Each structure stands twice: as C-alpha cells, then as structure tokens.
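I have placed the structure first, in the form of structure tokens, so that the comments after it can refer back to it.
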Amino acid sequence: MSIIAPSILSADFGNLQRDVEMINNSNADWFHVDIMDGVFVPNISFGFPVMKSIFKHAKKPLDVHLMIVNPDRYIQQFKDAGAAVLTVHYEACDHLHRTIQHIKDSGMQAGVAINPHTSVTLLEDVIPEIDLVCVMSVNPGFGGQKFIANTLMKTEQLRNIIARKNSKTKIEIDGGVDLENASSLIKAGADVLVAGNTVFASSNPVETIARLKAI
C-alpha cells in the first residue's frame with residue numbers, strides 16, 4: 001500500500017492548524033513540506049517558524065523537500081525544526097554524497113529529488129545510500145501544474161535501478177498526482193504519492209486521501 005503525503009503548500013495558511021489536524025485525522029501517512037527560496041525555483045514558500053508551527057501540531061512524520069540552493073547550510077536547522085525525511089535536489093548539490101551523509105548523520109532519512117529534465121541514471125551511484133528519490137512530475141516551484149506523462153517511464157527505470165542495486169529506496173512522485181493517474185504511478189513502481197491541490201481543493205479532503213490510500 002502506498003504512502004500518501006499531502007502537500008502542506010496547498011493548505012489554507014489562514015487555518016493552518018485546522019488543516020494539519022485534518023491530515024492527522026485522515027489516512028495520510030506523512031506531511032509533505034515544500035521549502036522554496038526564490039533562487040533555485042521561481043517562488044518562495046515559508047521558512048523555519050512556519051515549519052516549526054506545523055511540527056508542533058503534526059502527529060505524522062514531516063517529509064521536507066528542499067527546493068533551495070546550498071542546502072548544506074541548513075541541514076541541522078531542518079532537523080531541529082522537525083524534519084524526519086530531508087530531500088535535496090540533485091541539481092542543487094555540488095557534492096551530493098557528502099550532503100546525503102550529512103543528512104543521515106543528523107538523524108534524518110535522506111532523499112534526493114530530480115527535476116523533469118534530469119535522468120534517473122544519474123542517481124545510480126547514490127541509490128544504495130539514500131532512503132527516497134523524489135521524482136518531480138511537474139517543473140518545481142508552483143502547485144497545481146499539469147502532470148508530465150514521461151514520469152511513468154522514469155519511475156519504471158528507477159524501479160529497475162533500485163532492484164539491480166538491491167536497495168530499499170522508496171520512489172516518491174511529486175506534482176500533478178490525482179485520482180486518475182495514481183494507479184498508473186503505483187503500477188510503475190511509486191511508493192509515495194504527494195498530493196496538494198487534489199487533496200486541499202476537493203470538497204472532502206479526508207475522503208480524497210482515503211481514496212488515494214485505497215488505490
């Protein structure tokens with residue numbers, strides 16, 4: 001059964017505690033927390049004070065996705081702010097292996113995200129070291145974008161690499177995930193589905209999460 005990680009970026013920030021409680025009381029497994037710096041991606045989300053506020057009320061692990069340059073500077077701060085899984089972008093790290101080790105040494109699970117144009121084969125050398133690969137199925141920076149169909153093929157390729165390396169690395173799909181494509185993604189090898197607008201724009205978010213979880 002797949003892990004469902006609603007993206008808090010799509011929540012109502014005027015009622016953040018209410019939406020966090022909704023996820024707590026739903027069939028969701030993780031909170032997906034997007035951190036954007038306006039440099040690596042053309043948008044700014046939120047920083048440590050908001051993340052700490054989410055963590056204070058959250059009863060499920062925080063899956064934190066860093067869309068920022070120089071993530072190494074903040075690894076310990078994200079641990080202190082409540083991150084259980086910390087994902088950095090392949091494209092943002094000059095010394096990826098060192099960054100992964102830093103995350104794990106700080107007591108978190110380590111993830112690596114790849115943009116739509118980045119080949120999964122570039123992760124072959126680090127797959128045995130990481131807990132999660134986040135495959136971006138939209139261009140990062142904004143919610144509500146259209147799903148990129150090539151993601152299915154990338155997911156299958158990645159699943160083959162993980163099997164070949166005899167690794168337990170999870171595959172996470174982030175962007176444009178909905179009730180229509182979730183089944184195909186799981187069949188292709190996805191373990192974790194990030195859902196933002198699909199959950200928070202629905203008339204019954206708890207029911208939508210339950211339907212995603214049941215796929």
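Values quoted throughout were computed directly from the atomic coordinates according to the rules given, and no laboratory measurement underlies them. Every value quoted in this text rests on a predicted model; they were computed, and no experiment measured them. Methodologically, a virtual Cβ is constructed for each residue, glycine included, from the backbone with ideal geometry; neighbour enumeration extends over all protein chains shown.
Structure data summary
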read-out: Two-site label geometry, residue 214 and residue 180: point separation in nm, points 7 Å out along Cα→Cβ; value: 2.0
read-out: Cα-projected label distance for residue 24 with residue 94, points at 7 Å along beta-carbon direction, nm; value: 4.3
read-out: Value of D in µm² per second that Stokes-Einstein yields for the stretch 7-103, Kirkwood Rh from Cα pairs, at 4 °C (1.567 mPa s); value: 94
read-out: The stretch 98-170 - convex hull of alpha carbons, volume per residue in Å³; value: 98
read-out: Spherically averaged projected area of the stretch 94-215 from its Cα convex hull (nm²); value: 8.0
read-out: Rounded to whole Hz, the Karplus (6.51, -1.76, 1.60) HN-Hα couplings of the stretch 167-183, x for glycine and proline; value: 9, 9, 4, 8, 9, 10, 10, 10, x, x, 6, 9, 5, 7, 9, 4, 4
read-out: Estimated distance in nm for a label pair at residue 15 and residue 202, the labels positioned 7 Å out from Cα along Cα-to-Cβ; value: 1.7
read-out: Share of pairwise Cα separations in the stretch 167-215, more than 15 Å, in percent; value: 40
read-out: Long-range HN-HN contacts of residue 137 with modeled amide H, under 5 Å; value: 174, 175
read-out: In Hz, Karplus ³J(HN,Hα) per residue of the stretch 198-210 (6.51, -1.76, 1.60; θ = phi - 60°; x = Gly, Pro); value: 4, 7, 7, 8, 7, 6, 9, x, 4, 5, 4, 4, 4
read-out: Distance violations [Cα-Cα > 23 Å] among 60/168; 79/213; 165/213; 104/154; value: 79/213; 165/213; 104/154
read-out: Residue-by-residue Karplus 3J(HN,Hα) for the stretch 8-16, coefficients 6.51, -1.76, 1.60, Hz, glycine and proline x; value: 5, 4, 8, 6, 8, 6, x, 9, 5
read-out: Trypsin sites (Lys or Arg not before Pro) within the stretch 1-66: DSSP coil, no more than 13 neighbouring Cβ in 10 Å; value: 59
read-out: Alpha-carbon gyration tensor eigenvalues x 5, square-rooted, for the chain, Å; value: 24, 21, 15
